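The values are calculated or read from the model by the stated rules, or taken from the named source; none is laboratory data. Only a predicted model underlies this, so the values are computations on that prediction, with no experimental measurement involved. Areas reflect the complete protein model, heavy atoms only, side chains present, ligands, DNA and RNA absent. Shrake-Rupley method; radii C 1.70, N 1.55, O 1.52, S 1.80 Å.
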Amino acid sequence: HQICLEAKIIAVADTFDAMANDRPYRKARGAEAAIKVLKAGRGKEYDPYVVDAFMACYEQDPTFSGIYQ
């Protein structure tokens with residue numbers, strides 16, 4: 001059974017956002033911790049191409065990564 005690309009993108013983005021931002025029930029772990037989780041799960045829990053695209057955006061676009069710092 002194949003997972004659609006949109007779902008793979010949402011999985012990566014949601015994981016990052018959930019870890020990088022405060023939630024009502026816990027404090028954020030931070031962007032660096034979220035990046036470590038995504039890199040560790042690349043090719044396992046997360047599609048490697050989606051993780052790579054996310055990382056390219058995060059590293060190259062200062063307005064993107066600046067939101068979470």
| Stretch gain in nm, segment ALA33-ALA56, where the contour uses 0.36 nm per residue and the Cα spacing is subtracted | 6.6 nm
| query | So what's the back-of-envelope 222 nm ellipticity for the chain, counting only DSSP H runs of four-plus at -39500 (n - 2.57) apiece and dividing by all residues, rounded to 500? | reply | -20000 deg cm²/dmol
| field | Accessible surface, 1.4 Å probe, highest first, among residues LEU38, LEU5 | value | LEU5, LEU38
| Which angle between 0 and 90 degrees, to the nearest 10, do you get for helix 48-60 versus the longest principal axis of the chain when only C-alpha atoms count? | 40 degrees
